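Worksheet for the structure shown next.
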């Protein structure tokens with residue numbers, strides 16, 4: 001073949017080109033900053049909604065929240081289930097976490113630590129509601145993605161200097 005002749009385009013090369021053209025709009029839509037923002041909102045909303053339902057007034061839990069931690073939620077550990085120790089105190093801390101951590105995630109402030117807090121809360125939730133594992137697994141995956149890749153550009157942490165996602 002002379003140097004001016006081109007090699008024939010093979011079918012695999014055509015498919016690769018078609019695939020690349022088909023993927024471009026998806027890559028344009030799935031901008032990292034947008035995905036990171038949506039992940040933060042996706043995990044914040046269910047926790048925030050749950051947390052807000054537990055309050056009756058400023059720093060005052062409603063009766064339902066205390067009842068849940070006193071009579072319903074049990075830790076499913078070997079030899080259990082056990083009721084929570086000091087249920088009213090645990091209910092208060094859980095309700096605070098369910099409001100504070102999502103607020104931090106929404107703002108993108110202390111994002112990686114807030115995501116870790118969500119992971120820890122989800123582990124406790126899994127120990128009390130073991131049949132909820134499909135949802136809990138999703139929550140942990142989202143929170144770990146946030147912890148690994150950071151808050152994204154639309155976050156206070158980004159403006160404060162948290163701009164390095166973990167790449168490995």
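We did not get these values from a lab; they are worked out from the coordinates using the rules stated. Treat the numbers as computed from the prediction; the structure is a model and nothing was measured. Glycine gets a Cβ as well: all are built from the backbone with ideal geometry, and neighbour counts include every protein chain shown.
By count of other Cβ within 10 Å, fewest leading, how are 49, 54 ordered?
Lowest count first: 49, 54.
When every alpha-carbon pair in the range 32-160 is counted, what percent end up more than 19 Å apart? All intermediate terms of the calculation are to be shown ahead of the outcome.
Numbers: 4130 of 8256 pairs.
Considering the range 32-160, 50 percent of its Cα-Cα pairs are separated by more than 19 Å.
For labels at residue 29 and residue 100 in the simple 7 Å Cα→Cβ model, what's the distance in nm?
Going by the 7 Å Cα→Cβ label model, 3.9 nm.
I want to check the label-to-label distance for residue 16 and residue 160. Put each point 7 Å from Cα in the C-beta direction and report it in nm to one decimal.
Modelled inter-label distance: 4.5 nm.
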